[in-house]
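Heads up, the thing below is written out as structure tokens.
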Amino acid sequence: MDYNSIDAEIETLGEPKILSPISRWEKSAKSQNFVSDNDKVLIDVKFERLIKTVKAGKIPTSFEMAGPRSKIFFDPGKLRCAIVTCGGLCPGLNDIIRSIVLELHYSYGVRNIYGMRYGLQGFIPKYGHEIMDLKPESVVNILEMGGSILGSSRGAQSIEEIVNTLKKMNIGILFMIGGDGTLMAATRIIDTITKMGLKISVIGIPKTIDNDIYMVSRTFGFDTAVEMATQAIRGAHNEAVGYPNGIGLIKLMGRYSGFITATSALAQQNVNFVLIPEVDFDLKGPKGFLNALEKRIHLRKHAVILVAEGAGQKFFEIDKNERDESGNIRLKDIGLFLKDKIISYFKSRNINLSLKYIDPSYMIRSLPANANDHVFCSFLGRDAVHAGMAGKTRVLIGHWNNYFVHIPMGASAGKRKKVDPNGKLWLSVLHATGQSSFKNS
């Protein structure tokens with residue numbers, strides 16, 4: 001990919017002129033170096049491409065580094081902030097909320113922080129959802145709680161009503177925690193804010209358990225999802241080896257991208273077959289999946305299969321007009337489909353089978369974050385606050401090349417990151433499982 005085609009410029013509401021309250025820590029144990037807009041993180045760090053870009057007389061594209069600025073745009077004493085969580089649940093949502101509230105309160109002295117209940121519905125008067133007044137004491141103990149204390153919802157809402165509510169509440173910074181649909185809504189909210197001539201910052205914190213947000217190397221909740229998926233794999237493996245011709249079949253999250261499935265297979269290497277949306281496969285035929293599975297059963301008497309929820313959709317008749325509340329095409333259940341096909345195939349060949357099917361998806365989504373995600377969310381939430389206080393807008397707080405950076409929403413919204421079938425992750429899965437292509441041609 002040509003990263004130099006990306007517009008990495010960050011939009012601001014105006015020149016920051018207020019000395020940051022963090023400056024009072026200058027001579028204390030909490031002192032830290034401020035980050036400048038000139039502190040950059042290269043997007044493409046591959047040496048050969050970097051040299052080629054420089055020799056062509058071009059400046060390599062880079063992201064602004066996230067972190068506190070020495071001067072801020074908003075007056076903390078007058079500022080009102082709102083936080084909203086949208087879309088599906090994900091480990092770490094409460095961590096992000098807590099981090100934002102504590103950073104606003106203790107570092108910047110912001111006292112008016114509001115939680116909008118049940119996603120974007122919280123801005124729409126007809127739903128009647130109460131607004132939460134968020135204080136340190138109301139978030140201090142939420143780390144071990146799964147889900148979101150603000151709740152969530154799916155589905156489009158009136159952008160004009162959302163912005164009107166922001167205006168009536170005199171909100172200066174809106175923190176939106178969500179996935180691709182939320183980012184698309186955020187860009188429309190910002191466009192309307194701009195048309196109305198309002199000075200409201202909108203900061204996005206990318207949320208998807210599938211880890212498929214474009215130009216973001218890691219999203220919160222992914223580490224927890226992989227850890228919990230490995231427990232399901234261990235259980236499936238124990239079930240499989242405990243019975244003659246035992247098969248453990250696990251369906252994991254991943255509508256369009258197989259990152260959780262592929263990474264989990266490497267984290268717990270008791271997996272024999274991995275099926276993801278990015279790699280096509282056939283069921284029948286000499287090289288098909290079912291034939292390979294039969295050979296494995298004859299050879300080792302057991303097998304463990306991981307399948308991502310978006311894999312194998314070619315086996316169904318998909319109605320592209322049938323969509324969920326978030327506008328995604330409704331996928332068919334590949335897990336139950338494979339279960340039925342495997343049982344039917346082995347029955348036709350007079351081979352007795354013991355198949356255990358496991359779908360831990362909703363359990364994983366609603367769990368509290370693990371230790372690694374706790375730390376990761378803390379960084380994301382605090383850097384989101386720093387960006388908002390500096391007057392940044394239309395920006396995501398993301399992780400790239402081992403740094404936290406500002407990513408323009410336009411670089412990610414409406415796009416999706418996928419597993420590269422020729423990349424290291426998938427090739428490592430092939431080596432770990434020993435599986436080959438399940439394509440007959």
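The values are calculated or read from the model by the stated rules, or taken from the named source; none is laboratory data. Everything quoted here is computed from the prediction, not taken from an experiment. As a convention, Cβ positions derive from the backbone with ideal geometry for all residues, glycine included, and neighbour counts pool all protein chains shown. Side chains included, ligands, DNA and RNA excluded: accessible areas come from the protein's heavy atoms. Shrake-Rupley method; radii C 1.70, N 1.55, O 1.52, S 1.80 Å.
Within the stretch 96-135, being hydroxyl-bearing (Ser, Thr, Tyr), in a helix (DSSP H, G or I) and in contact (Cβ under 8 Å) with a residue 24 or more places away in the chain holds for SER99, TYR106, SER107, TYR108.
For the stretch 254-292, residues that are among the aliphatic types (A, V, I, L, M), out of contact with any strand residue (DSSP E or B) (no Cβ under 8 Å at 6 or more places or on another chain), within 19 Å of ALA240 (Cβ to Cβ) and open to solvent by 10 Å² or more (accessible area, probe 1.4 Å) total 2. Scan the stretch 370-385 for residues that are touching a Pro at 6+ places or on another chain (Cβ under 9 Å) and open to solvent by 10 Å² or more (accessible area, probe 1.4 Å) and the total you get is 4. The set of residues in the stretch 409-441 that are in a loop (DSSP other than H, G, I, E, B) and either of a type in the set (Asp, Glu) or under 25 Å from the mean Cα position of the chain (by Cα) (or both) comprises ALA413, GLY414, LYS415, LYS417, LYS418, VAL419, ASP420, PRO421, ASN422, GLY423. When the residues of the stretch 121-148 are filtered to those that are among the hydrophobic types (A, V, I, L, M, F, W, C) and touching a strand residue (DSSP E or B) at 6+ places or on another chain (Cβ under 7 Å), which remaining residue is least open to solvent (accessible area, probe 1.4 Å)? Among those residues, the one meeting the criterion is LEU134. Restricting attention to the stretch 293-315, the residues being open to solvent by less than 30 Å² (accessible area, probe 1.4 Å) and in contact with a strand residue (DSSP E or B) (Cβ under 7 Å, 6 or more places away or on another chain) number 11. Taking the criterion of being touching a strand residue (DSSP E or B) at 6+ places or on another chain (Cβ under 8 Å) and hydrophobic (A, V, I, L, M, F, W, C), the residues of the stretch 345-363 that qualify are LEU353, LEU355, ILE358.
Annotation: of all residues in the stretch 182-213 being open to solvent by 50 Å² or more (accessible area, probe 1.4 Å) and of a type outside the set (Lys, Arg), the one that is nearest to the chain's Cα centre (by Cα) is MET184. Among all residues of the stretch 364-387, there is at least one that is farther than 18 Å from LEU93 by Cβ and at pLDDT 95 or above. Does LYS58 satisfy the criteria of being open to solvent by 60 Å² or more (accessible area, probe 1.4 Å), under 25 Å from GLY391 (Cβ atoms) and touching a residue at least 12 places away in the same chain (Cβ under 8 Å)? Judged against the criteria, LYS58 is not a match. For the subset of the stretch 345-362 comprising residues that are under 18 Å from PRO244 (Cα atoms) and open to solvent by less than 70 Å² (accessible area, probe 1.4 Å), which member is farthest from the chain's Cα centre (by Cα)? By that ranking, first place goes to ILE351. The condition of being surrounded by 20 or more Cβ atoms within 10 Å (Cβ to Cβ), out of contact with any His (no Cβ under 9 Å at 6 or more places or on another chain) and not acidic (Asp, Glu) does not hold for GLY423.
Let's see how each residue does on (1) touching a helix residue (DSSP H, G or I) at 6+ places or on another chain (Cβ under 8 Å); (2) at positive phi:
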position: ASP37; (1), (2): no, no
position: GLU48; (1), (2): no, no
position: GLY67; (1), (2): yes, yes
position: SER70; (1), (2): yes, no
position: GLY77; (1), (2): no, no
position: GLY88; (1), (2): yes, no
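Of all the numbered requirements in (1) of a type in the set (Gly, Ala, Ser); (2) modelled with pLDDT under 95; (3) out of contact with any Lys or Arg (no Cβ under 7 Å at 6 or more places or on another chain), GLY122 misses one, and that requirement is (2). Which of (1) part of a loop (DSSP other than H, G, I, E, B); (2) more than 18 Å from ILE124 (Cβ to Cβ); (3) open to solvent by 70 Å² or more (accessible area, probe 1.4 Å) does ALA156 not meet, given it meets every other one? Going through (1) part of a loop (DSSP other than H, G, I, E, B); (2) more than 18 Å from ILE124 (Cβ to Cβ); (3) open to solvent by 70 Å² or more (accessible area, probe 1.4 Å) one by one, ALA156 breaks only (2).
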